Every structure is written in C-alpha cells, then in structure tokens.
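Every read-out reported here was derived from the displayed coordinates using simple, explicitly stated rules and does not represent laboratory data. All values derive from a computational prediction rather than experimental measurement. Reconstructed Cβ throughout: ideal geometry from the backbone, glycine too, with neighbour counts over all protein chains shown.
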Amino acid sequence: MSEIQNLKNKIHNWLAEGGIDDIETSNEYADFQLMLSNAFGLNFNIDVVKLKQKSMLQIVIKLVFPTEIQQAMNSLDDEETLKLLESLKRELLKIGVDYELPTKLDGITFAKFVYLDDITRTLFMESLTVVRNAALFVISLLSERFMTGYESTPPHTHLHVSSPYG
C-alpha cells in the first residue's frame with residue numbers, strides 16, 4: 001500500500017471514530033480529497049485535501065453568507081465595514097486559521113494546514129475542530145450583529161449526548 005493510500009485510510013478511520021462521514025471526490029491537483037458533509041452535525045461541508053507535490057494537508061471550509069447578512073454587510077458604510085472586517089481578522093488570527101475574504105463579502109473561506117511529518121490523530125482532529133470553531137465564530141458574530149433573535153447554532157449539536165437545554 002502506498003504512503004498516500006495509507007494516509008487516506010488513517011484519516012478515514014479517524015473521521016469514522018469521530019462519527020464523521022467522508023466521501024472521496026476527484027481533484028486533479030490533489031493526491032486525494034475527502035469531503036465531509038454535515039460535519040459535526042452542523043451542516044458544514046469541510047474538505048480535507050492532500051495536494052500533489054506538497055507535504056501537508058489542507059482542511060478547508062467555505063461559508064457562504066445568507067442573503068440577509070450579505071445585504072446587511074453591503075449596507076454598512078466604509079468605516080463600519082472596515083472596523084467589522086479588521087475585528088473579524090484579528091479574532092481569526094487568534095483562533096489560528098488562515099482565511100480569505102472575497103471583495104464582495106458574500107462568504108469566507110477558512111483553512112488550516114497540517115504538515116505530514118507531524119500528523120497524528122490528535123493533531124488532525126484538533127485542526128479540524130479549529131476550522132469548525134472559526135466557522136461557528138463567524139456565524140455567531142454575524143448573526144448577532146445582523147440577525148437579531150436568530151440562534152446561529154443549536155446548543156450541543158456536535159456531541160452524541162442529550163443536552164440539558166433540550
């Protein structure tokens with residue numbers, strides 16, 4: 001079995017142990033790409049990509065903002081937009097993810113890179129969780145700011161235990 005196949009199998013097993021389903025998708029630039037749909041029960045699609053000729057994995061999630069948030073962000077004046085984006089960038093740096101904000105502010109892409117020399121189950125799953133947390137943070141921040149009365153995520157959605165909150 002090749003090193004790449006062995007790595008892919010390890011990741012598949014780690015995900016399965018965490019209760020996360022994956023589907024292999026084709027990508028001409030990658031040795032493999034695994035798509036995790038409904039990751040953590042939050043309806044996120046996360047890609048785990050091993051690019052060709054690279055000794056790292058990319059864990060990537062792209063959020064597309066709901067129309068209401070896009071419209072609200074576009075209604076801000078330049079100063080308010082700049083303050084919001086700079087605050088958002090600082091927090092994402094604290095969380096430890098790379099990010100890309102498109103100029104028309106219709107969504108955001110987060111990525112975490114894991115070097116293959118260092119990969120362990122713990123490091124991989126922690127990196128996956130960091131990407132998830134970045135997405136939850138942005139959803140929560142924008143929902144609080146622009147969609148009052150909207151609960152961005154239900155409590156306890158990623159655990160397989162009953163919630164004391166119902």
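Odds and ends about this structure:
- Residues being buried (at least 16 other Cβ atoms within 10 Å of the Cβ) and either acidic (D, E) or under 18 Å from M147 (Cα atoms) (or both) - total across segment 78-105: 3
- Members of segment 8-17 that are out of contact with any helix residue (DSSP H, G or I) (no Cβ under 6 Å at 6 or more places or on another chain) and crowded, with 17+ Cβ neighbours inside 10 Å: K8, I11, H12, L15
- Selection within segment 50-77 - part of a strand (DSSP E or B) and surrounded by 17 or more Cβ atoms within 10 Å (Cβ to Cβ): K50, L57, Q58, I59, V60, I61, L63
- Condition met for F40 (on the phi > 0 side of the Ramachandran plot and in contact (Cβ under 8 Å) with a residue 60 or more places away in the chain): yes
- Criterion (surrounded by fewer than 19 Cβ atoms within 10 Å (Cβ to Cβ), out of contact with any His (no Cβ under 6 Å at 6 or more places or on another chain), within 23 Å of A134 (Cβ to Cβ) and among the small types (G, A, S)) met by exactly one of S26, S37, S2: S37
- Condition met for L42 (part of a loop (DSSP other than H, G, I, E, B) and in contact with a Lys or Arg (Cβ under 8 Å, 6 or more places away or on another chain)): yes
- Residue count for segment 107-128, restricted to those that are within 14 Å of I61 (Cα to Cα) and free of Cβ contacts under 8 Å to residues at least 60 places away in the same chain: 7
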